[in-house]
Amino acid sequence: MVLGALSYAAPLFSVIVLLVAGFGAFHWSVALACILITIGAVIAAKDMLFGRQPKEAAAAA
């Protein structure tokens, strides 16, 4: 589960490295892509970040 959540970091880091190295131009679409990658990582890791609810509490809600 951790490996799956961390796999979202690879494209984000590669974009950042390319921008810092001067091989890419920063554009609003790059910022949007980074935000969407981060949102996907948070969704993938929601159980690790926010914890799981016990089945009894989930059934009562």
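Computed values, structure above
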read-out	value
Pairs, first on the phi < 0 side of the Ramachandran plot in segment 12-33, second surrounded by fewer than 13 Cβ atoms within 10 Å (Cβ to Cβ) and aromatic (Phe, Trp, Tyr), C-beta under 7 Å, six or more apart	LEU19/PHE26
Scope segment 34-43; condition more than 12 Å from ALA9 (Cα to Cα) and surrounded by 13 or more Cβ atoms within 10 Å (Cβ to Cβ); matching residues	none
Elements of type helices (runs of 4 or more DSSP H) in segment 1-54, at least 3 residues being among the aliphatic types (A, V, I, L, M) and under 14 Å from the mean Cα position of the chain (by Cα)	2-6, 9-21, 28-44
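FYI, it's all coordinate maths here, none of it is from the lab. Note that the structure is a prediction, hence the values are computed from the model and not measured. Backbone-built Cβ (ideal geometry, glycine too); neighbour counts: all protein chains shown.
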